[in-house]
Each structure stands twice: as C-alpha cells, then as structure tokens.
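All remarks here apply to the structure that follows.
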Amino acid sequence: MSNDLLGQILGSVLGNSSRGGSSLSPGGLGDVLGNMMGGRAAGPDDETVPMAGKGGALLAMLLPLAMQWVQRNGGVGALIEKFQNKGYSRQAASWISAGENEALSPQAVGEVVGMDELSRLSQQLGVPQDQVASGLSQILPQVVDHLTPSGQVPEDADDMLASGLTALENMLGHRAAG
C-alpha cells in the first residue's frame, strides 16, 4: 500500500497521475524512481512520458525530506492547520476534496514552512531556496491529496505517511537525513 501511495504522489507531482488514477507502472515506486533519473516516467498502460529532467530528480530527493518535515511538525492534520492559519484555507480544502487541487505558490510555502527550514533544506540538497520552495509547493499538496482519498483526513493518515516514508527510505537504501 505505501509503495502505491508513494508512486501516486510522485506521479502526481511529475504530472503523470491524479487522484483515483491507475498505478504508474507494474513495478510501482521502483520504476518511478528509476525512470526519474533517466528523464522519463512510466505512465498508465506502460506508456512513458517526458519528465522535467533535473526537476524530477530534485522532487525525488525532496519527497522524503518533505514527509519528514510533516512528521516533525505534527502530522497531516497539523500541516493543513498551518496552511489554514496562514490564509490558505481554500487551497488546503482543495487538496482534501475529491476535486482538482488548487496550486500553491512557493511564496506560500515560505510563509508556512519558514525561511529557516527552506534554508536548511537548500543547504542539505545543494540547491537554491527558491527551488526548494517550488518543489515543496508541488509535493505538499500531493501528499495531502493522496493521504485524504475520502475527502477527510483519516485517523491513520500519519501512520500511512510514516509507512510511506519508511518504504521510500528502504527503496533508496538509506534513511534520509531530516
């Protein structure tokens, strides 16, 4: 289940999947991560679609760090509350609902995540802060979207997040520093 969840999140972030869509490929997350580094992602029915190149690799590196940040900051419910408290209630509600996700600006990420955290992640990944903020603006809505398939935050959302993070770290062969 966590492998499917991560594959869906990565696929959505890379523009290849949507809520309730089919699996990205028969191999699941391993195929997605492997194809990311090659510049193509497997889509439904084993089609391959071009990816954003280095942007895809950055998103793959940023995903476990984003998941860890959500855990450290109180979980999925707390993440949603942080966005609501900063004036992004409409966007957060769209990620939970069954409809389309509203876009999140990198500036909004800076307001919610904080410049200190963006700086820390920037240094850790060796990329500019604006790229980290941009990546998180794509990842965080998808994480919430895929952890709330029924239009509300399930009681086990944080357990699913932890399980997905463990699966991702195992797949990458290490624990991501967080």
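The values are calculated or read from the model by the stated rules, or taken from the named source; none is laboratory data. Predicted, not measured: the structure shown is a model, and the values here were computed from it. All Cβ positions, even for glycine, are placed from backbone atoms using ideal geometry, and neighbour counts span all protein chains on display. Accessible surface is based on the protein model in full, side chains and every heavy atom, while ligands, DNA and RNA are left aside. Shrake-Rupley method; radii C 1.70, N 1.55, O 1.52, S 1.80 Å.
Structural remarks
- Sulfur and carbon atoms: percent of accessible area, the range 60-178 [1.4 Å]: 48 percent
- FRET efficiency, residue 119 to residue 166 (Cβ-Cβ, R0 35 Å, nearest 0.05): 0.85
- Counting only protein heavy atoms and a 1.4 Å probe, the range 61-174 has 46 square angstrom of accessible area per residue.
- The alpha-carbon positions of the range 89-161 define a convex hull whose volume is 92 Å³ per residue.
- Remark: the residue 102-residue 73 segment gains 8.2 nm on full extension, using 0.36 nm per residue and subtracting the alpha carbon distance.
- Other residues whose C-beta falls under 15 angstrom from the C-beta of residue 91 contribute a net charge of -2, scoring Lys and Arg +1 and Asp and Glu -1.
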